[in-house]
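Here is the structure we will look at.
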Amino acid sequence: MKTSIIFVTIWALVRAVPGPGVYQLTDPVDHSESPTWDTRNNILYFVNIHEGEIYKYDYETGQIDSIKLDGEVAPAIPSKADPNLLIAGLNRSVVAVEWNSESPATDRRILTTVSTEFPTSRFNDGKADKEGRLWIGTMGYEGPNGLTPDEGVFYEMTCDNFDPPLIKIAPVNISNGLAWNKANDKLYYIDTPTGQVVEYSYNNEKGEISDRRVAFDMNDHIGVITGSPDGMTIDEDDNLWVALYGGGAVIKVDSSSGDLLQVVALPAEDVTSAMWGGPDLDVLFVTTSRYSLTEEEKQQQPAAGAVFAVIGLDTKGLPMYDVDLLQSINDQDCGSDKL
Ligand code: BGC
Ligand code: CA
């Protein structure tokens, strides 16, 4: 109780200072990723991919809890029916995980397993669309000798399309950031090694994408920014906020002109993703990694791997959608005949 009062007081003081500010929210983990804001409970979820950990950060109290799954995990998104029922990518499977005080994540269920032709690939990033469909992609194996290319697939998963889910874009290398615009008629998507953000026209009713266009290209900004585009979110003005892995920053990009509008530096080279949250959706939560750093780099970047909060950006985000696949962990209506 005492800790939470101090936390809330510090946070209130921090928010009173004008202009953008970057604050470290958590201790570093190996590879924080896939921040997800639960508007119903004011909770930030994020994952520590290679350790199989899902974290819960309570915005009001600053309390952090975690659970560990057996494998590599990303993303973890609350369900529409029950915020404690998370839908997560685990290796090449999509799983349901029940996480509340009665059920400390012991209840899990595999919903589907994808990409059997690429056994070393794994899920990497995903989000729900307005209808609660899950858009989730994989990446090829990335080891000491680099990435196995062309082994990623970007899927759309619904109750009617579980096994296998629909393939939306393939092949890709590292399926990464995605975001829908405010009018919900465009989808922005990143395949990290391409260095580009691409835009598709989006048909919400059918869940279809078409008319691919390059919205932003790192090659147009050589000497100004470095690294590769990774996770991404969007604000209420339809500007994209893109994490730069290897670039130590989150950038703000005009989604229609491709103009680079702002560079927000982070004290970590490998910035993995960004997501709006807080009760007013005006805090940009940013995840980072220390996974690929040398021992020397880890010493130079002691905060690498932490989650940061950036405030004072003079804009706010659009609420995230929840996944609408299962009503409960035992719901047999969705895909159960194929499990
Ligand atoms: C993945 C990492 C990968 C990085 C490259 C991240 O989203 O989780 O495994 O190295 O993207 O940009
Ligand atoms: Ca990512």
> Can you tell me which residues in segment 96-121 are open to solvent by less than 40 Å² (accessible area, probe 1.4 Å) and at pLDDT 95 or above?
Replying inline: 114, 115, 121
> Which one of 273, 292 is in contact (Cβ under 8 Å) with a residue 40 or more places away in the chain and within 15 Å of ligand 1 (Cβ to nearest atom)?
Replying inline: 273
> Looking at segment 39-58, which of its residues are away from ligand 2 (no atom under 15 Å from the Cβ) and hydroxyl-bearing (Ser, Thr, Tyr)?
Replying inline: 39, 55, 57
> For segment 260-285, what are the residues that are more than 16 Å from ligand 2 (Cβ to nearest atom), acidic (Asp, Glu) and buried (at least 17 other Cβ atoms within 10 Å of the Cβ)?
Replying inline: 282
>> Checking the conditions here, which among 35, 119 is closer than 26 Å to residue 282 by Cβ and either within 16 Å of ligand 2 (Cβ to nearest atom) or in contact (Cβ under 8 Å) with a residue 12 or more places away in the chain (or both)?
In response: 35
> For residues in segment 286-308 being surrounded by fewer than 19 Cβ atoms within 10 Å (Cβ to Cβ) and of a type in the set (D, E, K, R), which is nearest to residue 56 (Cα to Cα)?
Replying inline: 298
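For residues in segment 150-194 being of a type in the set (Gly, Ala, Ser) and open to solvent by 50 Å² or more (accessible area, probe 1.4 Å), which is nearest to residue 33 (Cα to Cα)? Break it down into steps so the answer makes sense when it comes.
Looking only at segment 150-194, we keep the residues that are of a type in the set (Gly, Ala, Ser), and these are 152, 170, 175, 177, 179, 183.
Pick out the ones that are also open to solvent by 50 Å² or more (accessible area, probe 1.4 Å) and you get 170, 183.
Details: 170: 23, 183: 27 Å.
In this case the residue turns out to be 170.
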> Just one of 70, 65 is without any contact (Cβ under 8 Å) to a residue 60 or more places away in the chain, open to solvent by 30 Å² or more (accessible area, probe 1.4 Å) and assigned to a strand (DSSP E or B); which is it?
Replying inline: 65
> Which of (1) modelled with pLDDT of 95 or more; (2) open to solvent by 10 Å² or more (accessible area, probe 1.4 Å) does residue 33 not meet, given it meets every other one?
Replying inline: (2)
>> Looking for something touching a Phe, Trp or Tyr at 6+ places or on another chain (Cβ under 6 Å), open to solvent by 10 Å² or more (accessible area, probe 1.4 Å) and either of a type in the set (Asp, Glu) or within 16 Å of ligand 2 (Cβ to nearest atom) (or both) - is there at least one such residue anywhere in segment 81-92?
In response: no
> Scanning for something under 30 Å from residue 109 (Cβ atoms) and open to solvent by 70 Å² or more (accessible area, probe 1.4 Å), does segment 250-257 turn up at least one residue?
Replying inline: no
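Answer with yes or no whether residue 269 is of a type in the set (D, E, K, R) and farther than 29 Å from residue 215 by Cα.
Values: of a type in the set (D, E, K, R): yes; farther than 29 Å from residue 215 by Cα: no.
So residue 269 fails the test.
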> Restricting attention to segment 195-223, which residues are open to solvent by less than 60 Å² (accessible area, probe 1.4 Å) and either in a helix (DSSP H, G or I) or at positive phi (or both)?
Replying inline: 195, 207, 218, 221
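The values are calculated or read from the model by the stated rules, or taken from the named source; none is laboratory data. If you're wondering where the values come from, they're calculated on a predicted model, not measured in any experiment. Ideal geometry is used to build each Cβ from the backbone, glycine not excepted, and the neighbour counts take in all protein chains shown. These area figures cover heavy atoms from the full protein model, side chains too; ligands, DNA and RNA do not enter into them. Shrake-Rupley method; radii C 1.70, N 1.55, O 1.52, S 1.80 Å.
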